[in-house]
Amino acid sequence: MLLSDLLSKAPEQVESRVDRFLFGSRPLGWGKTTTLKSGQVALNFQCRTCGGIRTFLSGSRLSCLVVGAGLLSIDVTLKCSTCANTVEAWFLVAAVDDFYSSAPLVRVERYTENLRDRADRVESTSGPFSDLLTRAQLAYELGLGAGSMIYLRKIFELVTHEVAEIAEVPIVSAKGKRRPFKDVLQEVNEKRNIIPLSFSGSGYKLFGELSDVIHGQSDEVVALAKYAPCRQLVLGVVDQVNKDNEFAKAIEELGWDVDDIGRIAAEGAMS
């Protein structure tokens with residue numbers, strides 16, 4: 001495997017043995033730069049000019065900077081394979097053993113990109129919460145655990161409040177004060193079953209996990225470790241709401257006089 005093949009798996013941060021890409025009798029010191037001949041990096045983005053998913057390719061030479069013992073910074077400019085749009089990507093690559101071995105084991109420790117309103121990530125181009133999900137993922141990739149959790153909690157709050165409006169569940173009290181989220185979530189779930197059955201009794205516990213990180217009751221290491229499972233559960237809530245909306249639309253098109261869509265959806269899932 002070429003180093004470029006490993007980089008082309010971004011934003012996935014993986015490690016693998018690659019063909020040797022650094023040569024010389026003496027290792028490069030800190031602050032030294034070199035050019036790597038290790039293939040082209042290829043990443044897929046939604047090109048805003050082309051209006052579709054396109055492969056963006058780097059040049060045949062990669063710019064490399066030694067930033068520490070066993071650490072390399074690699075910067076690439078990627079060009080759309082169809083039009084002239086260009087974006088930038090940056091990788092922090094670590095040596096698990098030795099960069100100068102015949103087949104070094106390396107790991108992509110950090111990845112970020114500058115799309116400059118010219119392209120979008122493929123997975124971020126659809127859905128009502130796509131922008132927040134993209135921001136959460138980018139924060140996670142930058143090592144910002146609390147930041148990633150803030151976006152996940154925002155999604156959880158937004159989807160709950162949107163369904164609350166549909167189900168006529170008040171989010172403010174009679175005195176005009178905002179109701180506790182726990183109470184709103186419980187009432188919304190009773191009416192519309194927005195929490196998947198697999199963890200229906202733990203909806204507020206999920207919110208608590210997100211809030212604990214945000215309020216400083218967990219460090220960044222813990223926050224980053226919790227990100228993936230919390231993201232999966234938040235997406236489960238969004239998916240459940242989408243299913244409910246599709247079910248409601250189907251019933252409306254059939255002309256059935258049914259109010260409790262959530263109850264019917266739950267019965268169908270249990271049968």
Q. What do you reckon, is residue 65 open to solvent by less than 40 Å² (accessible area, probe 1.4 Å), more than 22 Å from the chain's Cα centre (by Cα), in contact (Cβ under 8 Å) with a residue 12 or more places away in the chain and within 20 Å of residue 109 (Cα to Cα)?
A. no
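Residues are listed down the side, and each one gets a yes or a no for (1) more than 30 Å from residue 50 (Cα to Cα); (2) of a type in the set (Gly, Ala, Ser); (3) in contact (Cβ under 8 Å) with a residue 40 or more places away in the chain:
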{"position": "110", "(1), (2), (3)": "no, no, yes"}
{"position": "119", "(1), (2), (3)": "no, yes, yes"}
{"position": "144", "(1), (2), (3)": "yes, no, yes"}
{"position": "156", "(1), (2), (3)": "yes, no, yes"}
{"position": "176", "(1), (2), (3)": "yes, yes, no"}
{"position": "188", "(1), (2), (3)": "yes, no, no"}
Q: Check residue 227 against each of (1) open to solvent by 60 Å² or more (accessible area, probe 1.4 Å); (2) at negative phi; (3) modelled with pLDDT of 85 or more and name the one condition it does not meet.
A: (1)
Q.
Looking only at residues that are without any contact (Cβ under 8 Å) to a residue 60 or more places away in the chain and assigned to a loop (DSSP other than H, G, I, E, B) in the range 1-11, which one is least open to solvent (accessible area, probe 1.4 Å)?
A. 8
Q. Of all residues in the range 191-204, which are assigned to a helix (DSSP H, G or I) and either modelled with pLDDT of 80 or more or of a type in the set (A, V, I, L, M, F, W, C) (or both)?
A. 191, 192, 197, 199
Q.
Out of the residues in the range 25-54 meeting the condition of being in a loop (DSSP other than H, G, I, E, B) and in contact (Cβ under 8 Å) with a residue 60 or more places away in the chain, tell me which one is most open to solvent (accessible area, probe 1.4 Å).
A. 48
(Q) Quick check on my filter: what residues within the range 1-56 are in contact with a helix residue (DSSP H, G or I) (Cβ under 6 Å, 6 or more places away or on another chain), within 23 Å of residue 68 (Cα to Cα) and of a type in the set (S, T, N, Q)? (A) 16, 38
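The values are calculated or read from the model by the stated rules, or taken from the named source; none is laboratory data. Here the structure is a predicted model, which is why all the values come from computation and not from measurement. All Cβ positions, even for glycine, are placed from backbone atoms using ideal geometry, and neighbour counts span all protein chains on display. SASA here: full protein model, heavy atoms, side chains in, ligands and nucleic acids out. Shrake-Rupley method; radii C 1.70, N 1.55, O 1.52, S 1.80 Å.
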